[in-house]
1. Regarding region 305-328, can at least one residue be identified that is farther than 19 Å from residue 256 by Cβ and in a strand (DSSP E or B)?
2. Quick check on my filter: what residues within region 233-261 are under 19 Å from residue 289 (Cβ atoms) and touching a Pro at 6+ places or on another chain (Cβ under 9 Å)?
3. Going residue by residue through region 263-273, is there one that turns out to be assigned to a strand (DSSP E or B), in contact with a Leu (Cβ under 8 Å, 6 or more places away or on another chain) and surrounded by fewer than 24 Cβ atoms within 10 Å (Cβ to Cβ)?
4. Taking strands (runs of 3 or more DSSP E) that fall entirely within region 362-426, which contain at least 1 residues that are in contact (Cβ under 8 Å) with a residue 12 or more places away in the chain and more than 23 Å from residue 336 (Cα to Cα)?
5. Answer yes if at least one residue in region 157-178 is modelled with pLDDT of 95 or more and outside any strand (DSSP E or B), and no otherwise.
6. What residue, among those in region 176-213 that are hydroxyl-bearing (Ser, Thr, Tyr) and crowded, with 17+ Cβ neighbours inside 10 Å, is farthest from the chain's Cα centre (by Cα)?
7. Is there a residue being within 19 Å of the chain's Cα centre (by Cα), open to solvent by 10 Å² or more (accessible area, probe 1.4 Å) and of a type in the set (A, V, I, L, M) anywhere in region 227-243?
8. Within region 289-301, identify whether any single residue is among the small types (Gly, Ala, Ser), over 29 Å from residue 185 (Cβ atoms) and either surrounded by 23 or more Cβ atoms within 10 Å (Cβ to Cβ) or at pLDDT below 95 (or both), and answer yes or no.
Amino acid sequence: MFGEDNSIPRSKFGGNMAHSDPNISTTVIEDDFAMRNSSASVGGQAFYDQGRLSGEGSPMTMSPWNQTSTFGKSSWSQVEENNDPQNALIGSLTREEGHIYSLAASGELLYTGSDSKNIRVWKNLKEYAAFKSSSGLVKAIIISGERIFTGHQDGKIRVWKVSQKNSSDHKRAGTLPTLKDIFKSSINPSNYVEGRGRRRALWIKHSDAVSCLSLTEDKLLLYSASWDRTLKVWRIADSKCLESLNVHDDAVNSVVASVEGLVFTGSADGTVKVWKREAKGKATKHTLVESLLKQECAVTALAVTADGSVVYCGSSDGMVNFWERKEKLTHGGVMKGHKLTVLCLVAVESMVFSGSADKTICVWRREGSTHTCLTVLTGHTGPVKCLAVEEDSESSKAGEKQWIVYSGSLDKSIKVWRVPEMTMDRNAVAMMQQQFGSDADSVPSDRSFTSSREPSISKRS
């Protein structure tokens with residue numbers, strides 16, 4: 001495990017969204033976590049260290065969740081389904097090898113990444129395959145056909161290929177950027193830019209952790225965003241880096257490629273930016289269209305509906321803001337369901353799932369501009385770091401549509417849930433109402449979140 005952490009997305013002012021001060025005791029209570037997710041000030045003025053790209057020391061070693069696990073050896077533990085149709089836990093996996101930072105689902109297979117550098121593949125609640133990177137905590141996983149892309153703490157993107165003869169056999173197919181491209185680029189001095197710690201680095205390489213990955217609809221381009229504040233565009237066919245953009249003033253925590261060439265980025269600098277992609281010969285050109293949000297607290301997660309009609313943004317204050325796209329993107333309201341940082345978001349059809357450092361998962365259903373909380377999934381003993389959702393085709397055939405939800409946590413466990421689309425868990429919602437003093441619906445926008453049009457910024461291509 002690296003000396004810098006990885007447990008939580010980067011906070012504003014260049015630090016991690018957990019306890020990054022080595023002098024902080026591990027006995028800090030959970031309420032302090034929420035405070036440290038908010039912007040800090042010194043003498044009434046915001047403090048921001050331009051040179052600091054990663055936290056010093058490992059926040060996980062000081063985190064209240066980093067306790068010795070009481071779970072046994074690795075195995076799927078079958079759990080009897082709850083008689084209540086809501087909050088139905090299907091199964092749970094606990095491992096001693098590391099915290100779960102990333103996961104991705106594809107058909108019957110579930111891929112999980114942890115700080116052990118292992119990528120494990122699960123099928124029918126049993127371990128099906130595994131492969132290991134040479135270095136670098138696995139912060140992001142994305143699947144494109146028979147290829148799997150993984151983003152790592154060491155700044156590299158690794159590419160894996162599934163054998164056509166044996167689907168449990170995964171072989172390393174390369175790294176982005178390729179060694180050939182690194183060698184070719186290193187010859188030309190103009191290919192070097194100021195990187196981490198103000199050292200000179202090749203523009204095609206990330207100089208800090210790769211925090212997130214996203215594919216275009218046609219699966220031809222891959223986007224990678226990093227704590228080095230850049231967004232890079234890769235052509236999958238030949239593994240070429242087409243473009244590198246300096247997109248934010250602090251770590252980039254989330255990127256989502258959407259329809260009509262739009263790309264959304266969210267950062268620890270408290271902004272959400274919208275980019276427009278255009279073809280430029282065999283390369284690409286991205287232009288900054290607008291900034292949807294400018295706030296003090298860090299943006300920690302983004303999700304966009306498949307048709308691009310709604311954009312969701314999770315923040316370190318526990319709120320989920322959303323924008324609706326008709327002729328233009330306008331702020332639709334706020335979803336209040338978490339007490340601590342929103343670490344992950346998934347939007348699928350009319351459903352939205354939000355995972356948080358408060359150890360819960362809120363399940364929302366969208367009807368028009370209103371989002372209603374159907375249930376709150378509880379059971380994790382650490383922050384919920386990643387989510388994946390797939391339709392439960394078998395159950396849906398029998399009547400009401402249901403969803404299979406996979407959640408990965410810093411408690412070293414993965415949980416699998418079955419969630420009905422229409423039924424509301426009134427007990428869970430009542431608890432949320434009591435906590436937030438409001439009903440289970442999203443709060444309409446007061447239109448204070450006005451977007452700002454901005455000029456394009458310089459980039460390498």
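1. no
2. Hit for region 233-261 is 254, nothing else.
3. Yes, region 263-273 contains at least one residue that is assigned to a strand (DSSP E or B), in contact with a Leu (Cβ under 8 Å, 6 or more places away or on another chain) and surrounded by fewer than 24 Cβ atoms within 10 Å (Cβ to Cβ).
4. Where strands (runs of 3 or more DSSP E) fall fully within region 362-426 and carry at least 1 residues being in contact (Cβ under 8 Å) with a residue 12 or more places away in the chain and more than 23 Å from residue 336 (Cα to Cα), they are 384-391, 402-409, 413-420.
5. The answer is yes; a qualifying residue exists.
6. 185
7. No: region 227-243 contains no residue that is within 19 Å of the chain's Cα centre (by Cα), open to solvent by 10 Å² or more (accessible area, probe 1.4 Å) and of a type in the set (A, V, I, L, M).
8. yes
The values are calculated or read from the model by the stated rules, or taken from the named source; none is laboratory data. Keep in mind the model is a prediction, meaning the values are calculated, not measured. Glycine also receives a Cβ, built like all others from the backbone with ideal geometry; neighbour counts cover every protein chain displayed. Just the protein is used for accessible areas: all its heavy atoms, side chains included, with ligands, DNA and RNA removed. Shrake-Rupley method; radii C 1.70, N 1.55, O 1.52, S 1.80 Å.
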